[in-house]
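**Q** To start, I am sharing the structure in question, which I have written as structure tokens.
The values are calculated or read from the model by the stated rules, or taken from the named source; none is laboratory data. Small disclaimer: the values here were computed from a predicted structure and weren't measured. In this analysis, Cβ positions are derived from the backbone assuming ideal geometry, glycine residues included, and neighbour counts consider all displayed protein chains. Protein only, heavy atoms only, side chains kept; ligands, DNA and RNA dropped before computing areas. Shrake-Rupley method; radii C 1.70, N 1.55, O 1.52, S 1.80 Å.
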Amino acid sequence: MKRYCRGWFLGEKEARKASEKDLRERHPDVVWEGSELKKLNEAMWDGLVVESMAGLGKTEDNLKADRKGADWKVNIAKALRAKTTA
């Protein structure tokens, strides 16, 4: 039998993101701390960027190929900043 430490998540990245979203919606009054907060925030930020890219029809290849200051990247960064503290 394996022992697991608190804060570990076993599963695919998409499952972790779904779990993060579910936790935030079900328990809005919980104050997340430390590594749990960091992991939840990173999953949320990643989800927002992926959704924004999909809405613009952009892929990972576009992310790597387009310049750093591309208009679409700047717009996603502005939207992320408006919604989060990232």
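**Q** Note down all Cβ pairs under 6 Å where the first residue falls in the stretch 51-66 and is within 22 Å of Ala18 (Cβ to Cβ), the second is part of a helix (DSSP H, G or I) and aliphatic (A, V, I, L, M), and they're at least six residues apart or on different chains.
**A** Short answer, once both residue conditions are applied: Ser52/Ile76.
**Q** Also, quick follow-up: Sort out which residues of the stretch 7-48 are at pLDDT below 75 and hydroxyl-bearing (Ser, Thr, Tyr), and write them in order of number.
**A** Across the stretch 7-48, the qualifying residue is only Ser35.
**Q** For Tyr4, which of the numbered conditions (1) modelled with pLDDT of 85 or more; (2) open to solvent by 100 Å² or more (accessible area, probe 1.4 Å) fails to hold?
**A** (1)
**Q** Checking Ser52 against (1) within 16 Å of the chain's Cα centre (by Cα); (2) at pLDDT 90 or above; (3) surrounded by fewer than 15 Cβ atoms within 10 Å (Cβ to Cβ), which test does it fail?
**A** (3)
**Q** A further question follows. Which condition from (1) at pLDDT below 85; (2) part of a loop (DSSP other than H, G, I, E, B); (3) open to solvent by 60 Å² or more (accessible area, probe 1.4 Å) is the one that Lys68 breaks?
**A** Every listed condition holds for Lys68 apart from (1).
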